[in-house]
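K.L.:
Have a look at the structure that comes next, please.
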Amino acid sequence: MTSTLHLHVGSTQDMGQRFAEAFRRGEAGEPLDERHITFLDLPEMMAALSPRRLELLRHLHREGAESIMALARALGRDYKRVHADVALLEASGLILRIEGRLTAPWDALAAEVAL
């Protein structure tokens, strides 16, 4: 089974509409096995998905990491910069901690930009 994290660029109103639709579907008994993250503007989303951060996400998807230090060593990057990247990606919901371990459990990221 492939899991996809849906990324959106849109307003808080867009987020509210997605929430209301998911609530309606849940009440109707429809399965809800999806996850969405909304960025308020495109530059914010693009900054979160910089080439270095995408490399970090791919590594965490494949292997996970016990700590930020272990992740920095595995990537051959400076601890301070990896720490900053992890903090931003975790705050955005792109990285999870499962049983203390850093991971990016999705097989794909699907981006949508509202006009």
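The values are calculated or read from the model by the stated rules, or taken from the named source; none is laboratory data. Just so you know, these numbers come straight off a predicted model, no measurement behind them. Positions of Cβ are backbone-derived with ideal geometry, glycine not excepted, and every protein chain shown enters the neighbour counts.
K.L.:
Considering only segment 1-111, give the helices (runs of 4 or more DSSP H) lying wholly within it that have at least 1 residues that are of a type outside the set (S, T, N, Q), crowded, with 17+ Cβ neighbours inside 10 Å and over 11 Å from the mean Cα position of the chain (by Cα).
P.N.:
51-62, 68-75, 79-92
K.L.:
Further, regarding this structure: Could you check how many residues of segment 1-59 are among the β-branched types (V, I, T) and at pLDDT below 85?
P.N.:
Adding up the residues that qualify gives 2.
K.L.:
Related question: Collect the residues in segment 1-23 that are in contact (Cβ under 8 Å) with a residue 60 or more places away in the chain and of a type in the set (A, V, I, L, M, F, W, C), keeping them in residue-number order.
P.N.:
L5, L7, V9
K.L.:
Can we say G26 is free of Cβ contacts under 8 Å to residues at least 12 places away in the same chain and not aliphatic (A, V, I, L, M)?
P.N.:
Criteria met by G26.
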